[in-house]
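Report on one structure; see the data block that follows.
The values are calculated or read from the model by the stated rules, or taken from the named source; none is laboratory data. Not measured: the values here are computed from a predicted model. Cβ atoms come from the backbone with ideal geometry, glycine included; neighbour counts cover every protein chain shown. Surface areas here come from the heavy atoms of the whole protein model, side chains and all, with no ligands, DNA or RNA. Shrake-Rupley method; radii C 1.70, N 1.55, O 1.52, S 1.80 Å.
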Amino acid sequence: MTRLLSAARCSTIAAVLGASRHEEEMGAYSINGIGHLAVAVRDVEKARETFTRLGFSMGALGRNAALQTAGYSARFADGDSLDLLALEGAHPFTAPAADLLRECEGAAFLGLKADDARAAWAALTAAGLSGGDVVDSAVVDGGQDVRLSVTPVAASAVPGATALVTQRHGRDALWQGEAQTHENSAQGLAAVIVTTAEVDDVAGAYGRLFGTEPSAHGSARMVTTGTAPIVVATPDSLRWTWGDDPLLDRPSPRLAGVVVRVSSRDAAQQALQKSKLPAMGSDGIFRIGSAHAHGILLALTESLDLGRLIPR
């Protein structure tokens, strides 16, 4: 693990301070959107089997020796991914996920994309939104080393979630290869779901981070990020379509789930039928409850329509 010296921190901030102030006004902080959603699981092999049954092709994510994580990843044509992570040891960045796993499995990390993690760190630090230093690490899979630089966002900027800004070094990185082909025809993350009773406050915090104004869709709010949007909704509004899911009775705000865009409704339906896992389907959206998706609300749809996803 590489630590930045105090002098280096100061010089980095000074070098990007002008840009940081501009980004602060824009709310970008050198962040380019959501690159992945990571689900913390207790038994990563069992989780891989579940998501394979749901029609996802799960490739090895690799082992991060610095953060002490390992797992599997469903890589999508859109360039993002849905990851399953096991914690192999303790690290400050993964402490919230360890706390979550004492309660249940579930959505643990928002992976935010950045071309330069140190520029993002400096901009976040200047705005009082940094959650810690930059950590340089390597992910190893099958003898291939992938260098990463990772820095956390302050919890106040991402209510109910843990967000890590990640820079991938080199075009031959593990996730830069061809996207996987999925039996359910998954193409990318259509939206990330955060549940809370205080939708305006929580959506406002995410909006400030991404430099966008949340838009109202009934009782829900949508925050554009540059890639998949964040949908902030009340537990009651999600019960209209996910039913009496136990996740919706847990304390909030909470990173609750993900909507995955598919290219074929028929392929998604066939994969779910083949899985023999309980799924609910209406208005072209297939939903899997948290009890059958390792703690997350999961939806598959050809296009994101909040009026159908969250009708109230």
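Using a Förster distance of 25 angstrom, determine the FRET efficiency expected from the C-beta separation of Asp249 and Arg42, and round it to 0.05. Let's see the in-between values first.
On the way: r = 20 Å, r/R0 = 0.81.
With R0 = 25 Å, the Cβ-Cβ based efficiency is 0.80.
Dipole magnitude of the chain about its Cα centre, charges +1 at Lys/Arg Cβ and -1 at Asp/Glu Cβ only, in debye to the nearest 20?
Values: 27 positive and 34 negative charges, 45 e Å.
Its charge dipole is roughly 220 debye.
Shape call for the range 171-312 from the C-alpha gyration tensor, a ≥ b ≥ c root eigenvalues: rounded (a/c under 1.5), prolate (a/b greater than b/c) or oblate?
Details: a/c = 1.79, a/b = 1.20, b/c = 1.50.
Note, shape of the range 171-312 comes out oblate.
Using amide H atoms built in the peptide plane, which far-off residues or other-chain residues are under 5 Å from Gly62 H to H?
Correct list: Gly71.
Rounded to the nearest 500, what is the 222 nm mean residue ellipticity of the chain from helices alone, with -39500 (n - 2.57) per DSSP H run of 4+ residues and division by all residues? Could you put the intermediate results ahead of the total?
Values: 8 runs with 85 residues, N = 312.
After summing the helix terms and dividing by residue count, I get -8000 deg cm²/dmol.
Hey, could you get me the Stokes-Einstein D for the range 150-254, Kirkwood radius over alpha-carbon pairs, 4 °C and 1.567 mPa s, rounded to whole µm² s⁻¹? Before the final figure, lay out each step's value.
Numbers: Rh = 15.5 Å.
Estimated via Stokes-Einstein, D reaches 84 µm²/s.
Lys and Arg at +1, Asp and Glu at -1: add these up for the other residues within a Cβ distance under 15 Å of Thr301 and post the number.
The answer is -1.
Among [x] 40; [y] 13; [z] 7, only one was calculated for this model; which label is it, if the read-out is percent of Cα pairs over 36 Å apart?
[y]
Taking amide H positions as placed in the peptide plane 1.01 Å from N, state which residues far from Thr234 in sequence (5 or more) or on other chains have amide H under 5 Å from it.
Hits under the 5 Å cutoff: Thr196.
Quick one: 3J(HN,Hα) in Hz for the range 264-281, Karplus 6.51/-1.76/1.60 with θ = phi - 60°, rounded, Gly and Pro as x.
9, 4, 5, 5, 5, 5, 5, 5, 5, 5, 5, 5, 6, 8, x, 9, 10, x
What are the ³J(HN,Hα) values, in whole Hz, obtained from phi via the Karplus relation 6.51 cos²θ - 1.76 cosθ + 1.60 with θ = phi - 60°, for each residue of the range 127-134 in sequence order, with x given for Gly and Pro?
Residue by residue, the range 127-134 yields 8, x, 10, 7, x, x, 6, 8 Hz.
Within the range 278-312, what residues put their amide N at less than 16 Å from the label point 7 Å along the Cα-to-Cβ vector of Trp240?
Within reach of a label on Trp240: 282-285, 305-312.
If you stretched the chain out fully between Met280 and Ser219, how much longer would it get, using 0.36 nm times the residue separation minus the C-alpha to C-alpha distance?
Working: separation 61, 0.36 × 61 = 21.96 nm, distance 2.18 nm.
Working it through step by step, the gained length comes to 19.8 nm.
Over the chain, calculate the relative contact order: mean separation of alpha carbon pairs under 8 Å at least 6 apart, over the residue count, as a percent.
Values: 754 pairs, mean separation 60.8, N = 312.
Result for the chain is 19 percent.
State in Å² the accessible area per residue of the range 35-188; use a 1.4 Å probe, count heavy atoms of protein chains only, and round to the nearest integer. Don't jump to the answer; show the numbers that get you there.
Numbers: 5830 Å² over 154 residues.
Accessible area per residue: 38 Å².
Which distance in Å, rounded to a whole number, links the C-alpha centroids of the range 220-286 and the range 56-82?
21 Å
What's the angle, to the nearest 10 degrees (0 to 90), between helix 6-26's Cα axis and the longest principal axis of the chain?
Orientation of helix 6-26: about 50 degrees from the principal axis.
For the chain, with the dipole built from +1 on Lys and Arg beta-carbon atoms and -1 on Asp and Glu ones, taken about the Cα centre, which of Ala40, Gly207, Ser263 lies farthest toward the positive end?
Toward the positive end, the furthest listed residue is Ala40.
Could you grab the Rg to Rh ratio for the range 239-312? Cα atoms only, Kirkwood for Rh.
Values: Rg = 12.0 Å, Rh = 12.7 Å.
Dividing the radius of gyration by the Kirkwood radius yields 0.95.
I want the local charge near Leu248. Using Cβ-Cβ distances under 11 Å, sum +1 for each Lys or Arg and -1 for each Asp or Glu among the other residues. Walk me through the numbers on the way to the answer.
Details: positive: Arg239, Arg250, Arg254; negative: Asp236, Asp244, Asp245, Asp249.
Result for the local shell: -1.
Please give the peptides 86-99, 251-264 ranked by average Cβ packing (other Cβ atoms within 10 Å per residue), highest first, as a rough proxy for protection.
Details: 86-99: 16.6, 251-264: 21.6.
Highest-to-lowest ranking by the protection proxy: 251-264, 86-99.
List the residues whose amide H sits under 5 Å from the amide H of Glu88, counting only those 5 or more places along or on another chain, with H placed 1.01 Å from N in the peptide plane.
HN-HN under 5 Å from Glu88: Thr69, Ala70.
Does the range 72-158 come out rounded, prolate or oblate, given a ≥ b ≥ c as the square roots of the eigenvalues of its C-alpha gyration tensor, rounded meaning a/c under 1.5 and, failing that, prolate meaning a/b above b/c?
Numbers: a/c = 1.56, a/b = 1.15, b/c = 1.36.
Judged from the Cα gyration tensor, the range 72-158 comes out oblate (a/c at least 1.5, b/c at or above a/b).
Once neighbouring chains are kept in place and the probe is 1.4 Å, which whole percent of the accessible area of the range 172-269 is contributed by carbon and sulfur?
Numbers: 1770 of 3950 Å².
Answer for the range 172-269: carbon and sulfur cover 45 percent of the accessible area.
From the phi angles alone, apply the Karplus equation (6.51, -1.76, 1.60; θ = phi - 60°) to the range 245-254 and give each ³J(HN,Hα) in whole Hz, x where the residue is Gly or Pro.
6, x, 4, 6, 9, 7, x, 9, x, 8
Taking the dipole about the Cα centre of the range 190-312, with the C-beta of Lys and Arg at +1 and of Asp and Glu at -1, give me whichever of Leu306, Pro246, Ala279 is farthest to the positive side.
The Cα lying farthest towards the positive end belongs to Ala279.
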